[in-house]
Structures are given as structure tokens and as C-alpha cells.
Amino acid sequence: MKKLILLGAALSLVFVTTAQESTGKEKKAHAAFESFSYDKAIDKYSELDASTLVIKRNKALSYMRTHESVEAESLFREIVNTDGHTADDVYNYAAVLRQNEKYEESEEWMKKYANMNVTDSRGKMYMKELGSYQKMQKVSPDFTVHNLDINSEQQDFAAMFYKDQVVFASSREGTKPVRRKWNWNTLPFLDVYIANKNADYSLSNATVLDGKVNKKFHEGPVAFNPAGDMMIFTRNNYDGESSKGVVRLQLFSSKLEDGKWGKPKALPFNDNEYSVGHATISNDGKWLYFASNMPGGIGGVDLYRAEIKEDGSYGSAVNLGDRVNTEGDEMFPFIHAGSEMLFFSSNGRVGLGGLDVFLAQVKPENLAIGKVMNLGAPINSSSDDFSLILNEEQTMGYFSSNRDGGKGSDDIYSFDLAKPFTFGKLIKGVAKDKKGEILAATEVTLFDLLTGDEEVVVTGEDGSYEFIVEEDKTFNLRGQKPKYFDGTNAADTHTEDEVIIVDLELEKDPGLSLYALITDKQSGAPLDSVKITLTDNMTGTKEIIYTPSTGDHLKPLMDKKLNDRGSYNIELEKDGYLGKTVTYNTAFDREGKYDVHADLDLTLEPIQVGADLSKIIDINPIYFDLNKSFIRPDAAIELDKIVKVMNENPTMEIELGSHTDSRGTVSSNRSLSDRRAKSSAKYIAERITNPERIYGKGFGESTPNTVDATVDGGAESQVLTEDFINAFKSKNRKLFDKYHQFNRRTEFIIIKM
């Protein structure tokens, strides 16, 4: 057979034979080959004694085109083991091995092809999906496939829904007085038929479609607009040949007039030099999809889309791009009624052999192509599988195949679909222990971080798990198994990869463990990327851990047993937060998990620009001798706390401000505070990296403090002005001194993190 009947052959691969002188028999053989008379070409080549690469190659290709894959394999094996063979020879040999279900051998030759033609997307795809045939061969329980009684011994294919009936193309012998034969397969030319669709999805009472559609050469496949009163069909170009003498395929439209299809009208994409065909129309009637080998494409035959305008005219043809098209052939598109699924057939993508049926996601917001997936068995086989259509409810459909067990060259098959198609990416992985041993019977939970939805699977003997998920989302995974600590990981589908590998590692529970949860002091939210430096004070061993998005860490205690004592220093560090170190002491008087955060404060204080660092780390007041600015030992202790924080946060910048009370003159207060501020800043600058990160500034009495003075009759945010403080001068000297003291302060304002 071969489906290229509609596009590959008539679309036309014209093969270069040779520039050298040929014998008369050679010329006749080459002529038969170039005119697509492959049966005749095989006979002519078989009569020749010559065994050049050109003759072997054309004969092998002829066998491929007539679906004689065993003979094609034998010839291509000779070719690829002969000096002078090409990368295309290697590719075709790998392709025919797939048709003969020699998948491992085919992949070895595809590896060679990928090395010979490093820019070809087909080689790249196969290298990414080595071994995928094993999964594709597994028969999906979602499909139930039936060969139809309506099939003939000739070609029957390209079924299309039309109201309550089905229209298809067939080369079956009809009632016309003259039946011309197609030179490729010696079968009659194609006509368009219509049949009744029965309750069990079988077809019956096939008759030639009425009207002016069927003529003396090929007609079909067909497509209909949503109203069912306009048909677009594929037909041979009756009015001319290409410059190379090839009759191309063209698209025509026909209107339903008085119950019959009217005179066909050529579509604007037609051209004598290339073919267009295999139309499908979106359910809203706005888009036409078709196949063509027009110049500027990616491969031999590509899929295109064009807008159908309100006045019936068409926009420009737009190539669907390399998300769909390859250097091979893509054809037989079908856009589903929901306009979000495009089915098509390809011999350029990773498949089981010949043409395979693929499903591409069409994103409704911009018609961009998303995920593309092979439908696998039983829809696909090692033969040609193509022209799949699906009803609007996604319960049944039809496709065509020339697989073994059919009635003719190509047959139409019906199928039942158990559940609708869904798009998404595949998250897969394996559950293991710390030693790499597979963990069967592990419960794996997938958490959707956006919706909160959960999905649970249990690993089999191979420890593997899989989830089909939406793209452009983030997920958490958790593995749980008795006598093991939970294993967690994250998966992000904001990627071009269709398969995201995320393994889970679970650690065996030794009976004793420490558990710590680190949170934000203000919001209570778990903190990720916290550096935990855990030191065992009994042994001196130290380890560094970083918290995951859950903000926690579980530490198995392999070296501890009941009634042992434990002592651990826990140092916590995170950018933008004030670090801390705590010590955890406990007696292990019971088996199980010891929650450190239940006994110790493991919250971290966020450090924000504009905040006073002295309030965050609880610095005691900085005292100076009367009218002096040198740093006293007690003041040095407090300033060293600032030094520590600034060294832990090397980008932090501080404005050190010194303030006085209002006693004394304004000028003397400003001068004294400035000296004290600069003295304090100098002390810190000499002890930190990049000393320019801190500077001192004296404010004198210009910026009174603000405190809660409600207990003394003031406001909750009371500015300690001179008037407010002087009110206590005579009636309460202690308060008078206290509020002056509040104004005498040193602030460490964070101006940059």
C-alpha cells in the first residue's frame, strides 16, 4: 500500500538515480521507480545483473513502499555494510528493522544515524527515548479495537464523521465501466464512499458519494465544516504536472446543493510544484489543518494551519513547527471537536514502525502545540497506522492500518475508548533506601502545592512510581514505608522535558531520632535553605544540613541506644535572618522521635531594612563615661554582638546613630553624640569584612525616642519630648530620669541587606 499514496508518493519524493551512463534496462527500471511504479521497478531491477548502490537502494526503497519489509531489510543490510552508503541508508535500515519488530537492533542503527547526522531531530529524539518501544508495545486497556466487516480486499481508509454517517476513501471495485489502476500498487484509484454508522460502531451500506466529487483518479480523504454543508477533499491535480512531470495532490471545496455535492473549487494553497492534502477543520469552523510538502518546511511532508475567514477566504499557511513536524513525514491530521487535541500520523517520531498515530496538545489560548505523545498499542503497530478520528464525547472513533490480520491493503478499524485523553507531564521515579536498595510497597504521595490536591500510588517490586500531572506547576512527593523515615523530594514541571525523573530516598528507622522544625519568628512559616550545623558534643562530630521547603530535618541516631545521654549544639543560619546557636541536652529514655523545637526556640528573626538591629538581637545599652567617647569593656561586649551579625551577613550595611537626652546645650549634645557614634562605628569597622559597611552619626537631642508610656499616663507610641519629660521633673524624679535615660541610646539601623 502505503499512505504516502496521498502525500508521500504523490507529494513526491523524486529520488536521484545516477549521473553516469545507464543501460537501457537500467533506464527503464529508474523510470519505473521515479514514476512510483514500485512493483514494476522491483521487476526491472531484478532483471539487472548490476549491483550498484543506486540500484540496491532504489530496489530496497521500492520494497519499503510496497510494504515488503523483509526483502527491504535484506537489501538495506547489504547497503549499510558497503562503502559509500549514506546517513539516509542507515536511517532507512533502522526504519525497516522497526517494521520487522527488531527494535533493539533498530536502536543500535539509530545511534549510528544520530552520530552521522547530528542536526537531525529524529536521531535526537531516539537517543532520548531508547527502550521506549517496550512501553509502546504494551497493549493499553483503554482501547478496544475491531476490524470492520465493511473493509474490502483493496484500500479502505481515512474515515471521517459526517452527521450520522461516515465517509471514507476506498479503491474497492465499483460499478464504473472503466477502472484505472494506480501504478504504485496496481489497485484501482480512490473514490469517496459514504456508509451508515451502526450502534456497535460498525459500518454498512457503503455507496459512492453523490455529486461531482469522484472523478477518474484519486479522491479522498475528506473533511466537513461544522454545519455539514461544505466539504474539503483531496484530489489529484487534473490540470497539470510539476516541472518534473509529477502529478501532485490538491485540496478542493464543495458545497452541498439540493442534497448533492456541487462543483469543486480549488483552494488557494494548491500548486503544480508541490502537494497539499489531508484536510481537517476545527469545530468552530475557524481553522483548516492540512499536510503539504511545500517549500520551506521541516521535512518531507509537514502539517500546516490556515485561518478560515468569515467571508470564506483563507489566511496564509503556517507551519506547525518542530513540536509536531520532523525531517520525516507528518500527515493525516484530525483536530478534535474540543479544538485542544490534534491527532496525526508520523514516520519521523519515535514509534513502533511505519506510520504511528500521535496526539498533540493544542493550547486554546494561542493554538501553540504542547505535549506530543505516541498512542502506543493497540492503536499503533509495526505497520502503518494512520488517519485516526475521535467522536466529541471521546468514547469511540476510527483509524486505518495495513497491519497483519486485516482484509486488504488498508483497513478501517473502530475502537472504544474507556476514558478521555488527558494531557500532562510524567513524573516518575524509584523509591530506594540509603544504600540504593529498591523499596517495594512504598506509599508515594504527590502534593499539588497550588491546589492542595493529593494523589497516592504504591510502588511495585521494582520500586517505581508514576504520576501524570499538569505542566507549569510545582509538586512535592513523600514516600512512606513502615520502619523507615519518610523520604521527600520536589518536582517542577516548568520545563520543556516531558518526563521529570524524581527519585525518593527513605532511611531505615534505627529507633531513635532528632527532629527539628525551623520557622520564621514573625509568620510561623517553615523556612527552607536554613543551614544547620549540628555538632554532637559527646563525640565532636559535626555535619551540615540544609532544610527543604518543609523547613524540617530528621536526624536518625545510629550511634545511640536507650538510656544514653545526648548533647548537641545546633547553629542556624539563613540569608536575611538573624542566626542563632542553641544547645539541646536530653536523656534517651524512650524509643522514637525527639522534637527539638518543642523544647528550644528554633525560630529565626527576619532582618529587614530600616529595623534597629539592637532590638532584634537584644543588645544592652552602650554606656560611656561622663563626657567621654572611648569604648568601655562593657560596651565592647555589646558591640561585639553587632560584629558577629555583620560578619554572618556580609552584605549588611548599618547606620550607627548615637542620641543624647535634652540636658546640656544642643551643640555640646550633638558634638558628644557624634564622637561616641564614630568611636563605636570605628570599633565595629575594625572587626568586620569591608569596614565601609558601617558609619557613625551623632544626632544629639534632635531625635527623641518613641516608647510605650501608657503605664505612666502617656501614649502607646509616646514621643519623649522635653515637654513630656519635664512634666515629671517635680512630681516624680524617678520617671524624669528614666525617660531621659530612654533618650540616651545607640541605634543600629539596617540600611541595606
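Taking the numbered list (1) among the hydroxyl-bearing types (Ser, Thr, Tyr); (2) in a strand (DSSP E or B); (3) surrounded by fewer than 18 Cβ atoms within 10 Å (Cβ to Cβ) in turn, SER513 passes all entries but (3).
Within the group LEU11, LEU48, which residue is of a type outside the set (Phe, Trp, Tyr) and either under 27 Å from GLY351 (Cα atoms) or at pLDDT 90 or above (or both)?
Details: LEU48 fails: either under 27 Å from GLY351 (Cα atoms) or at pLDDT 90 or above (or both).
One residue alone meets the criteria, LEU11.
Within the stretch 78-91, no residue that is in the same structural domain as GLU327 (by TED's automatic domain parsing) sits with its Cβ atom under 6 Å from a residue that is in a loop (DSSP other than H, G, I, E, B) and not β-branched (Val, Ile, Thr) at 6+ positions apart or across chains. Exactly one residue out of VAL213, VAL247 is buried (at least 22 other Cβ atoms within 10 Å of the Cβ), at pLDDT below 90 and among the β-branched types (Val, Ile, Thr): that is VAL213.
Inside the stretch 489-510, residues that are surrounded by fewer than 17 Cβ atoms within 10 Å (Cβ to Cβ), β-branched (Val, Ile, Thr) and not in a strand (DSSP E or B) make up a count of 1. If the condition is being among the β-branched types (Val, Ile, Thr), without any contact (Cβ under 8 Å) to a residue 40 or more places away in the chain and either touching a Ser or Thr at 6+ places or on another chain (Cβ under 6 Å) or closer than 18 Å to LYS508 by Cα (or both), then the stretch 436-457 contributes ILE438, VAL456.
Can you name the residue in the stretch 592-625 that is in contact (Cβ under 8 Å) with a residue 24 or more places away in the chain, assigned to a loop (DSSP other than H, G, I, E, B) and under 44 Å from the mean Cα position of the chain (by Cα) and is also nearest to VAL530 (Cα to Cα) among such residues? Outline the logic, then answer.
Taking the stretch 592-625 and keeping what is in contact (Cβ under 8 Å) with a residue 24 or more places away in the chain, we get 592-597, 600, 602-614, 616-617, 619, 621-622, 624.
With the extra rule that they be assigned to a loop (DSSP other than H, G, I, E, B), the set shrinks to 600, 602, 607-611, 617, 619, 621-622, 624.
Applying the additional criterion that residues be under 44 Å from the mean Cα position of the chain (by Cα) yields 600, 602, 607-611.
Values: LEU600: 16, LEU602: 11, ILE607: 14, GLN608: 17, VAL609: 20, GLY610: 23, ALA611: 22 Å.
Of everything passing the filter in the stretch 592-625, LEU602 is nearest to VAL530 (Cα to Cα).
In the stretch 69-98, the residue that is nearest to TRP109 (Cα to Cα) out of those that are surrounded by fewer than 18 Cβ atoms within 10 Å (Cβ to Cβ) and of a type in the set (Asp, Glu) is ASP88.
Evaluate the following for THR539: is it farther than 27 Å from PHE447 by Cβ and touching a Lys or Arg at 6+ places or on another chain (Cβ under 7 Å)?
So THR539 does not fit the description; no.
Against the numbered list (1) assigned to a loop (DSSP other than H, G, I, E, B); (2) modelled with pLDDT of 90 or more, SER567 comes up short only at (1).
Farther than 17 Å from THR326 by Cα, of a type in the set (D, E, K, R) and either modelled with pLDDT of 90 or more or surrounded by fewer than 19 Cβ atoms within 10 Å (Cβ to Cβ) (or both), is that true of ARG57? Taking the combined requirement at face value, the residue satisfies it. Residues considered: GLU73, GLU108. Of these, the only one that is of a type outside the set (Gly, Ala, Ser), in contact with a Leu (Cβ under 7 Å, 6 or more places away or on another chain) and not assigned by TED's automatic domain parsing to the domain that holds SER409 is GLU73.
The values are calculated or read from the model by the stated rules, or taken from the named source; none is laboratory data. Since we're looking at a predicted model, the values are computed, not measured. Glycine also receives a Cβ, built like all others from the backbone with ideal geometry; neighbour counts cover every protein chain displayed.
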